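Peer 1: Take a look at the following structure, please.
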Amino acid sequence: MSFFENIAKIMTKYWQVFLLQGVGYTLLLSAITVSCGAVLGMLLYLGRSARFKPLNWLVVAVVEVIRGTPMLLQLYFFYFLVPKILPFPVTEFGAVAVGLVINSACYVSEIFRSGIQAVDRGQTEAARSLGLNGRQTMLRIILPQAIKNILPALGNEFIMVVKDTSLASTFFVGELMTSYLKVKGNTYLTMECLTIVGVIYFVLTFLLSKLLGAFERRLKAHD
Amino acid sequence: MTENLIETVDLHKSFDVLGRGRLHVLKGVTEHIAKGEVVSVIGPSGGGKSTFLRCLNLLEVPEQGKIIFEGVEITGEKVDINLHRQKMGMVFQHFNVFPHLSVMKNITLAPVLLGKKSPTEADEQARALLNRVGLLEKAEEHPGRLSGGQKQRLAIVRALAMEPDVMLFDEPTSALDPEMVGEVLEVIKSLVGEGMTSVIVTHEMGFAREVSDRILFMDGGVIAESGKPEELLNHPQNPRTQDFLSKVLY
């Protein structure tokens, strides 16, 4: 039973590293990624559907490249690139966050696109036949319906992001996986530390998905 | 009945159809619809009926040809089609009511948003329209709770709320359960009775005979025959019309 005893010992000594620092930074990084990613993703979607064709191609190219390359590679890329191109000093946390945001934004832009495309074409036709212009149709008819497709997918993206932030530990930015690296370095109890961090990740994503599920049910109840 | 409300000149339209190449759907349609006239369009599927109707308010943009509506060439450049569409009500096969809005909002959205009516005026008008089609008690419901026939009646009054000069009906009863066809046709009939200019794409031959001033038979992308209901339905001249009518039970 020394495995569980070890876990108990580790938690008594290092609970702050896991639960305060680790969970705190993981949630902070996830929240930044999801909120900025949603805004940037919306902008990418607008760029993709803009009338100016070269902008469409640029956005499509960026999205395809981001979706077609490993995230860890992208994090390395932005980790080195961001401090070089910004005129002011950036923390490692900031540089990694930029990478995560850009990655998430590309997926989110696809969520917006599929959510909007899933609204029946007849809705647009009906609105246009009444004399609404494209903008009015989008704002009054399409988006309010698309949001019901988009929100659940955004929730899933949030859960994915929570797990994806673990890659940021490569740069030792303080989130949960970094806590694992630190405590393992001190205790040499690899399996125990992995188990602790794994349980915390699972509890986080499980709670999050329950929360989002309740939120979705409330949305549906409004129909 | 002499003033032309809509005139089309040599309309051509083709679509890319997956795996079948380019499909030429309209092959030169020239027609005019007079003010107050009720015109039904019949013919086999794929003959271009719906495409013709959808061209009239430019939901489909023809590649060639002109459409003149109330003296304005709406296919011309620099035409604000949104303004002209306000004068052309359209009713769709699949209703296309707005599911996220209440029945009332479905009707008042466009007149208020487009500055045609104040919210109070629009409200009053919507209630009067709902009352007329027997849906007043559904005013605050969402369309999800309506039957197909009720949805279509809502779609009709939604279009009427813009006080259009012409109504375009695209197979308004084709997606309905049989027992609901009657209630929708009644509404259309009463509209037509008030002198509303209407173009009706339909498979309901009996209805077309009853309400139309004129019937167009479309096949192969052209208007193959046009005439008064009794003439066209009882004594079709064109062999294609004869063939089509012989296969249709009504």
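Peer 1: Restricting the search to region B:73-90, which residues are open to solvent by less than 20 Å² (accessible area, probe 1.4 Å) and facing chain A (nearest Cβ under 9 Å)? Can you show your working first?
Peer 2: If we filter region B:73-90 for residues that are open to solvent by less than 20 Å² (accessible area, probe 1.4 Å), which is where we start, we get B:74, B:85, B:88-90.
Correct list: B:Arg85, B:Met88, B:Gly89, B:Met90.
Peer 1: Okay, next question. Given A:Arg48, A:Arg67, which one is in contact (Cβ under 8 Å) with a residue 60 or more places away in the chain and charged (D, E, K, R)? Full working, then the answer.
Peer 2: Details: A:Arg67 fails: in contact (Cβ under 8 Å) with a residue 60 or more places away in the chain.
Being in contact (Cβ under 8 Å) with a residue 60 or more places away in the chain and charged (D, E, K, R) holds for just one of A:Arg48, A:Arg67, which is A:Arg48.
Peer 1: Being of a type in the set (Gly, Ala, Ser) and at pLDDT below 95: is that true of B:Gly89 here? Don't jump to the end; show me each part of the working.
Peer 2: Working: of a type in the set (Gly, Ala, Ser): yes; at pLDDT below 95: no.
No; evaluated as a whole, the condition is false for this residue.
Peer 1: Another question, then. State all residues of region A:73-98 that are surrounded by fewer than 16 Cβ atoms within 10 Å (Cβ to Cβ) and at pLDDT 95 or above; if no residue qualifies, say none.
Peer 2: The answer is A:Leu73, A:Phe77.
Peer 1: State the number of residues belonging to region B:134-161 that are open to solvent by 10 Å² or more (accessible area, probe 1.4 Å) and either away from chain A (no Cβ under 13 Å) or touching a Gly at 6+ places or on another chain (Cβ under 8 Å) (or both).
Peer 2: 11
Peer 1: Among the residues of region B:163-170, is any more than 24 Å from B:Lys35 (Cβ to Cβ) and either in a loop (DSSP other than H, G, I, E, B) or more than 14 Å from every other protein chain (Cβ to nearest Cβ) (or both)?
Peer 2: First, the residues of region B:163-170 that are more than 24 Å from B:Lys35 (Cβ to Cβ): none.
No, region B:163-170 has no match at all.
The values are calculated or read from the model by the stated rules, or taken from the named source; none is laboratory data. Nothing here was measured: the structure is a model prediction, and the numbers come from that model. Note that we place each Cβ from the backbone using ideal geometry, even for glycine, and neighbour counts take in every protein chain shown. Ligands, DNA and RNA are excluded from the accessible area calculation, which covers all protein heavy atoms including side chains. Shrake-Rupley method; radii C 1.70, N 1.55, O 1.52, S 1.80 Å.
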